[in-house]
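Reading through the structure tokens given below for one structure.
Bear in mind these aren't lab numbers, they're just calculated from the coordinates by the rules spelled out. Predicted model, so just to flag it, every value in this text is computed and none were measured. We place every Cβ from the backbone using ideal geometry, glycine too, and count neighbours over all the protein chains shown.
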């Protein structure tokens, strides 16, 4: 079998994996394109700069170029494309459409491969102030007319359904599931966990609704006086959550760990009785499957994305979003019975084993090559 020609790939995303505000979207891109680079392909990631970061560096085979700030990076993308990237002979441009699109079909000459982890829709109004939220909401509305000829790799069946509801043809949207790195996330062999420690893993954004978990902790404090909550992650909602923790008198029960590198998360996860995901919406819920890979069941809101990553009643328990009493009832099922928790543990491990980043890299490469072929056909049709 003839060896395929190596590709020169440009990836555009707001952030990279080392950014303290990185989330599931950044983990997905890093895991997939690290593996693609390891197969001999050249991968360049262009993202915004953050304090303390190098302007350019190689990380696990990916050339990372950082420029511009967090809020205006979308304006830097077309400028840098015309100034530099159009001269570097890329075979395909991967456009990660996240909140405010880059609108690459309007200025990129190469074939564009879209990637979407999740659409915010009206949930953006839970995250930020109204003028900015309205701006993001309206920018998302432009995805269909601007990207109407672009094929998208979608992170979950929930987001896939949203694209179909928008009127995208089924052949233009393909689900490539988020996966889990089992060399990083794996169960503690002796299953020796702290029975009174639970966790939240993820960014601290208003739409993630971590305040609801804090209020649940307050309700549970008398029935479960030894219960402790570890909050792992960072974000602009952290000051509000810390203030609420103090207001509820939970400072001795809740620990904010801030941003933690990927390799340091597993030892923390392995200690948990279970983890909770309170988000109003997710692209997939990567942290859920990472917890499952450590043998940890989850309690999660019954919302798009989490409906896909949690097998209700088998790998975790779903509750009605916003219903704190329902969340507490589901938490109590794990708190009141080690046997129930251990039954979920075995099913969680089996579920997480189904998601393999190598397979995701295979699918992504195949879809990018398909995008390149269609682009060549369109060019030949116009000659």
### Task
In whole angstrom, note down how far apart the Cα centers of the range 155-225 and the range 36-65 are.
27 Å
### Task
Would you mind calculating the gained length between residue 106 and residue 59 on full extension (0.36 nm times residue separation, minus the Cα-Cα distance), in nm to one decimal?
13.9 nm
### Task
Measure off 7 Å from each Cα along the Cα-to-Cβ vector at residue 378 and residue 260, then give the distance between these two points in nanometres to one decimal.
4.4 nm
### Query
If you line up the long axis of helix 130-141 against the longest principal axis of the chain, both from Cα atoms, how many degrees apart are they, to the nearest 10?
50 degrees
### Task
Normalise the Cα radius of gyration of the range 139-281 by 2.2 N^0.38 Å (N = residues in it) and let me know the number.
1.32
## Note on the structure
For 27, 180, ascending order of other Cβ atoms within 10 Å (fewest first) is 27, 180
### Message
Classify the range 13-122 from the C-alpha gyration tensor, please: rounded if a/c falls under 1.5, else prolate or oblate depending on whether a/b exceeds b/c.
### Response
rounded
### Message
Looking only at the chain, where both bridge partners belong to it, what percent of the DSSP beta bridges are antiparallel (to the nearest 5)?
### Response
10 percent
## Note on the structure
Taking a ≥ b ≥ c as the square roots of the Cα gyration tensor eigenvalues, with a/c under 1.5 meaning rounded and otherwise prolate when a/b beats b/c or oblate if not, the range 197-352 comes out rounded
### Query
Can you give the calculated 222 nm mean residue ellipticity of the chain, where each DSSP H run of n ≥ 4 adds -39,500 (n - 2.57) and the sum is split over every residue, rounded to the nearest 500 deg cm²/dmol?
-11500 deg cm²/dmol
### Message
Between helix 157-166 and the chain, what is the angle of the helix's C-alpha long axis to the longest principal axis, kept within 0 to 90° and rounded to the nearest 10?
### Response
50 degrees
### Query
Normalised by the residues of the chain, what does the relative contact order come to in percent, with Cα pairs under 8 Å and at least six apart?
15 percent
### Task
Quick one: grab the alpha carbon gyration tensor of the range 36-82, order the square roots of its eigenvalues as a ≥ b ≥ c, and give me rounded if a/c is under 1.5, else prolate or oblate depending on whether a/b is larger than b/c.
oblate
### Label-reachable residues, the range 219-246, where backbone N falls under 19 Å from a point 7 Å from residue 129's Cα toward its Cβ
235-241
### Message
I want to check the label-to-label distance for residue 215 and residue 190. Put each point 7 Å from Cα in the C-beta direction and report it in nm to one decimal.
### Response
4.1 nm
### Query
Any idea what angle helix 338-352 forms with the longest principal axis of the chain, computed on alpha-carbon atoms, 0 to 90 degrees, nearest 10?
10 degrees
## Note on the structure
Simple spin-label estimate for residue 4/residue 67, 7 Å along Cα→Cβ, in nm, reads 2.9 nm
### Summary
Ranked from fewest to most other Cβ atoms within 10 Å of their own Cβ, 174, 371 fall in the order 174, 371
### Query
Ranked by Cβ crowding within 10 angstrom, fewest neighbours first, how are 327, 368 ordered?
368, 327
